[in-house]
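Inspection log for the structure reproduced underneath, given as structure tokens.
Every number in this text was worked out from the coordinates using simple rules, so none of it is lab data. This one's a predicted model, so the numbers in the text were calculated from it and none came from an experiment. Cβ sites come from the backbone with ideal geometry, for glycine too, and all protein chains shown count toward neighbours.
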Amino acid sequence: MFGSVSPESPSTEVNVNMAGLCCPVCRGALVREAAALRCMACDRIYPEVGGVPCLIDPVVSVFGHNPPPAPAASLAARLLPALSGNPVSADNYRRFVQLAVAENDRPRILILGGAAVGKGLGAALGDSGVDWIETDVFPSPRTLLLCDAHQVPFEDSSFDAVIAQAVLEHTLDPQLVVSEIHRVLKPHGMVYAETPFMQQVHAGAHDFTRYTHLGHRRLFRFFEEIESGPACGPGMALAWSWQAFLTSFAGGHRGRRIAALIARLTAFWLKYLDPFLVRRAAAYDGASSFYFWGRPAPEPLDDRDLIASYRGIQ
Ligand SMILES: [Zn+2]
């Protein structure tokens, strides 16, 4: 494996973090060769991109060995008040990491889609008692490893926890990604995922799927639930709808930017209603996104039990 086979491989903390790293295609062991990793089983070569290993199979993945840089936030996005707000994630992450640390000596937590720090995750990432493995398909200063979540390049049971915030909607096959999360988790590990329900297209072409609360729960049916519920609320959902309504009048990129700017200036305040609204049962029918926090389960959740667990008011 990377860090344990090749004599040229320096014995650094990075290698400790990378324990269990393997070929994303055949899960064979990797050796370092110059500025690349080679699979000892199938001979595939994985180059370094931006100084980090790119464990992406360019045949299967839509992301090759030359992935684009992470999308930069526009000037308006940095200067104007945001339409988006997440009233639950910071506290969820605090409790999630607290439990991971309580249950494991030094938990290894894999972050999928970690090129940018997820909403509410910043404080938790400062926990020095955790080995954070931040991965994405985009290079960024935070990305320790480039990988495609459909083919996680780690051996079975490599992690104490996995985080996938605002990731599954951008994957072509979310069920496959969730099964990969299940595979790389230790039996008593934990997953934390947030996925949109009422949100318009973002990230352009790389946006495919939305989930109701129960649809999201069924996606994680091979997990037992610790907690789940609305993350981003109906206020944000309305703000995004208002933005999508205004941008519908635009004929091109410039008009869209102007419409989005007007939306921000007129609807940013709606998210401030969400700390109140996400606690109401109706949010299960109209939230902007949902979270799921759970552990691998030996048996899938029965669909009748799934339906009986509806929490909305319809
Ligand atoms: Zn291989």
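Things worth noting here:
- Scanning residues 5 or more positions from V49 or on other chains, those with amide H under 5 Å from its amide H are C54, with H placed 1.01 Å from N in the peptide plane.
- A250 sits among other residues whose Cβ lies under 12 Å from its own Cβ, and their net charge, with Lys and Arg +1 and Asp and Glu -1, is +3.
- Residue-by-residue Karplus 3J(HN,Hα) for region 196-212, coefficients 6.51, -1.76, 1.60, Hz, glycine and proline x: x, 10, 9, 9, 6, 4, 9, 6, x, 5, 8, 8, 10, 9, 10, 9, 6
- Only helices enter the 222 nm calculation for the chain: every DSSP H run of n ≥ 4 contributes -39,500 (n - 2.57), and dividing by all residues gives -8000 deg cm²/dmol, rounded to 500.
- Amide N proximity, region 190-204 versus T266 label position 7 Å along Cα-to-Cβ, cut-off under 20 Å: 199-201
- Counted residue by residue at 0.36 nm each, then reduced by the alpha carbon distance between them, the extension gain from A250 to D173 reaches 24.6 nm.
- 5 angstrom amide H check on F154, placed H, neighbours 5+ away: C22
- Once backbone amide H atoms are built at 1.01 Å from N, G229 has Y291 as its partners under 5 Å, excluding neighbours fewer than 5 places away on the same chain.
- Each 10 Å bin from zero holds the following percent of Cα-Cα pairs in region 13-55: 31, 60, 9.
- Remark: spin-label model distance T212-I258 equals 4.0 nm, labels positioned 7 Å along the Cα→Cβ axis.
- Summed over all non-identical Cα pairs, the Kirkwood treatment of region 132-229 gives a radius of 14.1 Å.
- Using the Karplus relation 6.51 cos²θ - 1.76 cosθ + 1.60 with θ = phi - 60°, the per-residue 3J(HN,Hα) values for region 278-285 come to 5, 8, 9, 4, 5, 4, 5, 9 Hz, with x marking Gly and Pro.
- For region 158-314, the Kirkwood hydrodynamic radius comes to 16.7 Å, computed from all pairs of different C-alpha atoms.
- Here the peptides 120-129, 202-211 are ranked by packing, the mean other Cβ count within 10 Å, and the order with the highest first is 120-129, 202-211.
- Rounded to whole Å, the principal axis extents of the Cα atoms in the chain read 60, 47, 34, largest first.
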